[in-house]
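What follows is a set of notes on a single structure, which appears directly below.
The values are calculated or read from the model by the stated rules, or taken from the named source; none is laboratory data. Keep in mind the model is a prediction, meaning the values are calculated, not measured. Please note: Cβ atoms are built from the backbone with ideal geometry, for glycine as well, and neighbour counts cover all protein chains shown.
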């Protein structure tokens, strides 16, 4: 057996990847927090050195970057699942390598098309930008070419990140993402400071994106080496998982429409000031994704790996532990945003008037986002089993309800009406989606999930946070308020650990044996 084959054999061993899961979860969450913090901290520097108008163009391309997930076509989820279930069979390794080469080829073609289209449309785009107010001389075609190229070059990191997740290399992935993000930001800030020129800024972004993508690609391919095999583009490799890939592609489109469509619609329906209020609250609520998204990136390949081993008993135990851990990690912070929305916004923005207007919006958006996070564990379990149709139908139904409701309620009740749609749709999904899933899989877990993993942590977190709100004085200095909120979150977390035995056992085993999900059964 070759060294690489031996490594792959260890990667799907029943015990070895589980031992490393606790560290992986902490590291990938830390990396997400680090990258998010960097993106927030550099905003004042970009505004200072480049100007508000230039920052608007940066924001436009950042929105395009987020929207490009639609063109993933379900390939990253398919690759993660394939690699998570990989064994040391040479045939399987060949198939996986061909799948990754096919996926990266499709990514490259899509990226090239996006660059060409944006350059062709550069003059049209320039009519919507106040170029005369941007610092430094700007050639719009060159600017768009560099910006589009940096966007296209950074996009494949999603694919290689998915590959490393599937190969159970989350430690390496988190380190690479953290270091490369710091490198990209450092280069961009340095160029902005030295030149105050938006064209040079996007050139720096292109350099940083290239370094990050090349590094992640190298890490992924090194860990999928097979001596003597040259991977090729193969429609057969893609067609082998065509149903799963197609369903995941449609789910991704629905997901983007659900999470980003409200901004597009409300930008036309609301006044600029009201839309600014909604955007501020949405940005604050999206902080919850810093916890839920890394968690999903850990549990999805883990479930898929156990599925490949046909270990139903361990899957059931992992499902319970993951559900309780998600509640312990997510709900204490969500409860603070729901109970103290004004205080959180005022502490962040230092603008009492805007915070007052956005408080109720944040409360509804944070509640909806927290519920959405709780749904990620059942969703990860379903797609690890290859059962995508229920998720597809539920996402489609949610989208069909969301858009008309946004149109009507935003007109009648403004920002609060729009935010209530997100909360209402996710509450409906919470009541229906897991219930339907538990009709076919994990039937014995249905009442337990709704009770122990949802109802108990929600009511306990909200109850304790409301009690703290009653006991705290009406006014506190901003630094002290931050410490108080941190204390509330920690208090909620430890109380939930006392009440949720599977989460408590997972944390205890992580400290005792560096083990967060597994238990001898």
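Structural remarks
- Residue 144 falls short of the stated requirement of being farther than 18 Å from residue 221 by Cβ, at pLDDT 85 or above and part of a helix (DSSP H, G or I).
- Residues of region 422-458 satisfying the condition of being more than 21 Å from the chain's Cα centre (by Cα) and over 18 Å from residue 322 (Cα atoms): 424, 428, 431, 432, 436, 439, 440
- Residue match in region 258-267 (condition: over 29 Å from residue 183 (Cα atoms), touching a residue at least 24 places away in the same chain (Cβ under 8 Å) and within 15 Å of the chain's Cα centre (by Cα)): yes
- Qualifying positions in region 381-406 - part of a helix (DSSP H, G or I) and out of contact with any helix residue (DSSP H, G or I) (no Cβ under 7 Å at 6 or more places or on another chain): 393, 397, 400, 404
- Verdict on residue 210 being assigned by TED's automatic domain parsing to the domain that holds residue 99, within 14 Å of residue 154 (Cα to Cα), surrounded by fewer than 19 Cβ atoms within 10 Å (Cβ to Cβ) and at pLDDT 80 or above: yes
- The set of residues in region 92-105 being more than 13 Å from residue 224 (Cα to Cα) and either without any contact (Cβ under 8 Å) to a residue 12 or more places away in the chain or under 22 Å from the mean Cα position of the chain (by Cα) (or both) consists of 103, 104.
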